[in-house]
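Below: one structure, written as structure tokens.
None of the figures in this text is laboratory data; all of them are computed from the coordinates on show. The structure presented is a predicted model; accordingly, all values stated were derived computationally and were not measured. Here the Cβ positions follow ideal geometry from the backbone for every residue, glycine too, while neighbour counts run over all protein chains shown.
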Amino acid sequence: MNRKGVLILLVGIIILILIVGLGIYYGTRATEYDVPTPEEFARIDCYPEERWAVDGVTRVQCESRGCRYDPFNSDPEQYIPSCYMDTRKGYSVTMDAVPKGERFILKPNPDLPPTEEHFSRVAFEVYYPSVDIIRFKLTDADRRRYEVPDDIVKVNLPDVDIRQFGQIPHYIVNVSEKDPFSFRIIRRETGAVLWDTSVGGLYLSNQYLTVSTKLPSSFIYGFGENSHQHYRHDMNFRTWGLFARDQAVGTGNHNLYGVHPFYMCLEEDSVSSWRPAPE
């Protein structure tokens, strides 16, 4: 075999080795991340700082917030938190009828997170000021807290429940029969579940309030004024600020000067939409 033939053979062998090596490398790389189950994908992040921390989060840090710790080797394109809300913790419920709607008294379970003094009793109130509006409130049942007056934010909602007059609202509220307390808001016409707090994470104290919910679709818009690349929000365990801060434009995906404390969710039927507006 002449030198030219030997050279061609060597080049061919080298190319073959490179192809096999790259195949093994990328094949191994593609499977080095854990594949999330539906339950793992539904986790509610309890330690958002973990995603950007060099060393992640430790069990001690996670459990100090009353959350569950289960390390997960996430694909960066599909992040799954290792520290997440414990769906077993929360509140137990009793019910009182009130003239303008329904009132549930919640009592914290002994195993709630120890981060702050939580409300000894929580009032969950629901009423329907019109057929297409449902209003609910979670607040301290024993101590009066400041609330922004309706006349300041120009809500102008009637202080009555339309069901008193035989009208049927477009939404249904289902409260869980078993502890811990959770509730679902369902669109009567389609059966779409608009809010579902059974994912856990409800915690109410004087200086820390949190509620977590499943959404009916991934078509989410709004959340204040934020820098982002698309109208549709990335909901892969991203944090979006609702309120304004003194932050100039062009410095990353942060909340800016504008105040738009609500979001809009377009449901899967592409016709109905849902717009929570916190007060």
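Quick look at the numbers
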item	result
Debye log10 I(q)/I(0) for the stretch 96-195, one point scatterer per Cα, at q = 0.11 Å⁻¹	-0.41
Rounded to the nearest 20 debye, dipole of the stretch 38-84 from Cβ charges on Lys, Arg, Asp, Glu	200 debye
Dipole-positive endmost among Phe72, Cys46, Gly56 within the stretch 38-84 (Cβ charges, Cα centre)	Cys46
Per-selection Kirkwood Rh - the stretch 216-279 (Cα, Å, 1 d.p.)	12.4 Å
Within straight-line cross-link reach of Lys107, lysines at Cα separation under 21 Å, skipping those fewer than 8 residues along the same chain	Lys89, Lys137, Lys178
Peptides 203-214, 151-162, 176-187 ordered by average Cβ neighbours within 10 Å, highest first	176-187, 203-214, 151-162
